[in-house]
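Worksheet for the structure shown next.
Only the coordinates and a few stated rules stand behind these numbers; no lab work does. This is a predicted model, so every value here is computed, not measured. Reconstructed Cβ throughout: ideal geometry from the backbone, glycine too, with neighbour counts over all protein chains shown.
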Amino acid sequence: MSGALGALISSSLAINAEIWVQDYPPDIRKAFGPKSRKAQIQTAVLAVPFFGILLGGMILSNRKLRRDNEGILTFKQAFYHSYALLLFFWLFDLTIIDWLFFVTFKPQFAVLPGTEGMAGYSDYGFHLTTSLPALPYLAIPALIVAFFMQSRPTT
C-alpha cells in the first residue's frame, strides 16, 4: 500500500508538482501563489486512486487477516490492524517521501517554478510538525474500516 501510494505521489509530482502545493512549506506556498484551476482538477482526479489505494489496501489486508484467522476478526483486531497500516504509511510518507525524497534529494521536478533555492526545501522540521497532528485522526478511517471488516457472529 505504501509503495503504491509513494509511486502515485512521486509520479504526480513529476507530472505537475503544483498538485501538491498545499503540502509545501509556507515560504514556498507564499512565493508560488494559489493553485491553478488545472492543478485543482488534477488534485480532484488524483484523489480517486489515492483513496482507492488507501482504503482498498486496508480492506484487502483485513480480509487476509480474517482469512488467516479462520474467518474470525474482532473489531479490536481490525481497528489495530487498520491503524497500524495507516501509521506505517504516515511514517513512510514522513521519512521516505518528505524527508528523504523531497528534502534530502530535492528532485528538480518537485521544485515549483519561481521558488528555486528557498529555505523551505531544506526544512525537515516543517514536515514533522505538520504530520504529527494527523496521528489521532488516523483512528477515524481505521474505526470505519474495522466496523465493516469485523466478523459478525452468525445465528
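See the values below:
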{"item": "Subset of the range 30-46 (residues that are in contact (Cβ under 8 Å) with a residue 12 or more places away in the chain, among the basic types (Lys, Arg) and either over 11 Å from Leu112 (Cβ atoms) or surrounded by fewer than 13 Cβ atoms within 10 Å (Cβ to Cβ) (or both))", "result": "Lys38"}
{"item": "Yes/no for Ala31 being over 12 Å from the mean Cα position of the chain (by Cα), part of a helix (DSSP H, G or I) and either more than 24 Å from Ile144 (Cβ to Cβ) or of a type in the set (Val, Ile, Thr) (or both)", "result": "yes"}
{"item": "Boolean, Leu85 is hydrophobic (A, V, I, L, M, F, W, C), touching a residue at least 24 places away in the same chain (Cβ under 8 Å), crowded, with 16+ Cβ neighbours inside 10 Å and outside any helix (DSSP H, G or I)", "result": "no"}
{"item": "Set Phe101, Phe147: member being among the aromatic types (Phe, Trp, Tyr), in contact (Cβ under 8 Å) with a residue 24 or more places away in the chain and under 29 Å from Gly71 (Cα atoms)", "result": "Phe147"}
{"item": "Subset of the range 108-139 (residues that are within 15 Å of Asn16 (Cα to Cα) and in contact (Cβ under 8 Å) with a residue 24 or more places away in the chain)", "result": "Phe109, Ala110, Val111, Leu112, Pro113, Gly114, Thr115"}
{"item": "Odd one out for Gly71, checked against (1) closer than 25 Å to Pro136 by Cα; (2) of a type in the set (Gly, Ala, Ser); (3) not in a helix (DSSP H, G or I)", "result": "(1)"}
